[in-house]
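First the structure, in the form of structure tokens, and then the observations on it.
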Amino acid sequence: MKQLIHRISQTFWRIENKIAFYPSLMAISGILFALMMVYLEQLGVSVYLQKAVPWLVINDLETARTLLSTLIAGLISILVFSFSMVMIILNQAASNFSPRLLPGLISNKKHQSILGIHLAGIFYCIITLITIEPTQSGYQLPGFSVLLAILFVTVSLGSFIYFIHSISQSIQVDYILKTTFNNAKKRIEHLIQLEQDNEIADAGLSRFDKSSDWHDYYVPQSGYIQTINTTRLLKLAQQHETHIQVIPTKNTFLLAGLPIFKSETELDEDVAKEFLNQFLIDNSESLSENYSLAFQLITEIAIKAMSPGINDPGTALTCIDYLTELLTLRLKKSDELYLVQDQQVVIEINIIHFEKLLYVILAPFRAYCSHDIVIVSKLLRMCEYLLLQDCIKDDYKKTIKKQANEIIKDAREKLQNALDLDVLDTRLSQFE
């Protein structure tokens, strides 16, 4: 039963970010509401309202049909235009910034909800239109339902106006950078809090020694680790009296057949499968669960901005500012992630180390921006700022100084102006 619930939750997690998920739910809601109104009309709700508040009911057959036909056509036009806008925005984001941004834009729940409102209105109006069947012996015109159709379209028009505002804002580079930064900041702060709760810094914690005798268990399919059900994984490890080491980091693409975790004790097939079920593996990366992806996104936007086709160094400088703030926060986090129970380390999760993270960030800048003294100076100021942080560790200092020297070395090879070279010589002494 628990496995079934877990699989359902994993399936829901996968489809929730699909562009058609919320529109489909809201379209079904519109159909169900229309069917409910059909039932109420059969009970005589329009007849009652015609007597009580006649101004709420449309009692002319041709007017109702014309109105509903017009509303359906209008809603379909709005839906097509909205969908076209989404496709244009996705294409522009992929061209100007990074294709990695597309999953975040597609999974925007506000935009999905607006498309769903349009779909719900269309289905409601269609069902209401086909129920107009007046006879000579009785009142069959759903006048109140027609009034609700007008309200549906009013809401759709309001949401369409908001959609235009939101979609035009979501493609602005400042908005994209701020959103990406906030997601990464929340994730890093969560991991820092997790470390503090586990008291990993306490030297008295009992850690386990990883050995080559541990047993490997292999990933059943290729993809990225989207998320790990750490609570359930910890319970399973305690229940079966074993220690676990998660081998790959979340930013690594896993190939089927490679080991995903090690266990101190050998697990039987069913138990191992239950452990593997705690890993959600998909073909895309999740920004909310993988803060290193945010560093890559911001770096890619900066490099794209420095390309000859875009030539926007101002955006690159803004990206470096965001990277500086995120790296400052990352300094507070260790390069290890443990799950602890009763002052004993039970699970070790492999994460990207600060040295590798800083290299992945600065290597593209050194390759594509070393010819620009403004960008180089900004990167060196970032390194200087990181070295001034009180929380910085000695090994982090060595990493930062090493990368700063590499920046200066590559810039020397591409810069020829004597004044620019003097600037580099002045900065060099600060990283020795």
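Please indicate, with yes or no, whether at least one residue in region 328-350 is among the charged types (D, E, K, R) and in a helix (DSSP H, G or I). Quick ask: steps written out before the conclusion?
Within region 328-350, the subset among the charged types (D, E, K, R) is 330, 332-333, 335-336, 342, 348.
Now restrict to residues that are in a helix (DSSP H, G or I): 330.
Yes, that holds for at least one residue.
When we screen V374, V360 for residues that are surrounded by fewer than 19 Cβ atoms within 10 Å (Cβ to Cβ), over 28 Å from the mean Cα position of the chain (by Cα) and part of a helix (DSSP H, G or I), the only hit is V374.
For the criterion of being outside the structural domain of I361 (by TED's automatic domain parsing), surrounded by fewer than 17 Cβ atoms within 10 Å (Cβ to Cβ), over 17 Å from H215 (Cβ atoms) and not aromatic (F, W, Y), N283 passes.
State which residue is surrounded by the most Cβ atoms within 10 Å (Cβ to Cβ) when the search covers only region 388-409 and only residues that are farther than 21 Å from E325 by Cβ and at pLDDT 90 or above. Steps first, please.
Taking region 388-409 and keeping what is farther than 21 Å from E325 by Cβ, we get 394-395, 398, 402, 405-406, 408-409.
From what's left, at pLDDT 90 or above: 398, 402, 405-406, 408-409.
On the way: K398: 11, K402: 15, N405: 15, E406: 16, I408: 21, K409: 13.
For region 388-409, the residue satisfying everything is I408.
Residue-by-condition table, conditions (1) on the phi < 0 side of the Ramachandran plot; (2) surrounded by fewer than 20 Cβ atoms within 10 Å (Cβ to Cβ); (3) not assigned by TED's automatic domain parsing to the domain that holds T265:
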residue: C319; (1), (2), (3): yes, no, no
residue: T324; (1), (2), (3): yes, yes, no
residue: R330; (1), (2), (3): yes, no, no
residue: K333; (1), (2), (3): yes, yes, no
residue: Y338; (1), (2), (3): yes, yes, no
residue: V345; (1), (2), (3): yes, yes, no
residue: P364; (1), (2), (3): yes, yes, yes
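Here is the figure for region 241-271: residues that are surrounded by 11 or more Cβ atoms within 10 Å (Cβ to Cβ), free of Cβ contacts under 8 Å to residues at least 40 places away in the same chain and over 19 Å from Q221 (Cα atoms) total 1.
Note on region 157-195: residues that are in contact with a helix residue (DSSP H, G or I) (Cβ under 6 Å, 6 or more places away or on another chain) and outside any helix (DSSP H, G or I) amount to 1.
Looking only at region 29-68, filter to residues that are charged (D, E, K, R) and part of a helix (DSSP H, G or I); which one of those is surrounded by the fewest Cβ atoms within 10 Å (Cβ to Cβ)? Before the answer, list the steps.
Within region 29-68, the subset charged (D, E, K, R) is 41, 51, 60, 62, 65.
The next check asks that each one be part of a helix (DSSP H, G or I); those that pass are 41, 51, 62, 65.
Details: E41: 20, K51: 9, E62: 7, R65: 14.
Among those that are charged (D, E, K, R) and part of a helix (DSSP H, G or I), it is E62.
Assess whether T315 counts as being assigned by TED's automatic domain parsing to the domain that holds Y338, surrounded by fewer than 17 Cβ atoms within 10 Å (Cβ to Cβ), among the β-branched types (V, I, T) and out of contact with any His (no Cβ under 6 Å at 6 or more places or on another chain). So T315 does not fit the description; no.
Number of residues in region 29-69 that are under 19 Å from I130 (Cβ atoms), without any contact (Cβ under 8 Å) to a residue 40 or more places away in the chain and among the aromatic types (F, W, Y) equals 1.
Does E274 satisfy the condition of being outside any loop (DSSP other than H, G, I, E, B), touching a residue at least 40 places away in the same chain (Cβ under 8 Å) and crowded, with 17+ Cβ neighbours inside 10 Å?
Numbers: outside any loop (DSSP other than H, G, I, E, B): yes; touching a residue at least 40 places away in the same chain (Cβ under 8 Å): yes; crowded, with 17+ Cβ neighbours inside 10 Å: yes.
Yes.
For the condition crowded, with 22+ Cβ neighbours inside 10 Å, part of a helix (DSSP H, G or I) and at pLDDT 80 or above, what is the one hit in I127, I72, I76, I122? Break it down stepwise before answering.
Details: I127 fails: crowded, with 22+ Cβ neighbours inside 10 Å; I72 fails: crowded, with 22+ Cβ neighbours inside 10 Å; I76 fails: crowded, with 22+ Cβ neighbours inside 10 Å.
So the residue among I127, I72, I76, I122 that is crowded, with 22+ Cβ neighbours inside 10 Å, part of a helix (DSSP H, G or I) and at pLDDT 80 or above is I122.
The values are calculated or read from the model by the stated rules, or taken from the named source; none is laboratory data. Owing to the predicted nature of the structure, the values given are computational and were not obtained by experimental measurement. Don't worry about glycine lacking a Cβ; one is built from the backbone with ideal geometry, like all the others, and counts go over all protein chains shown.
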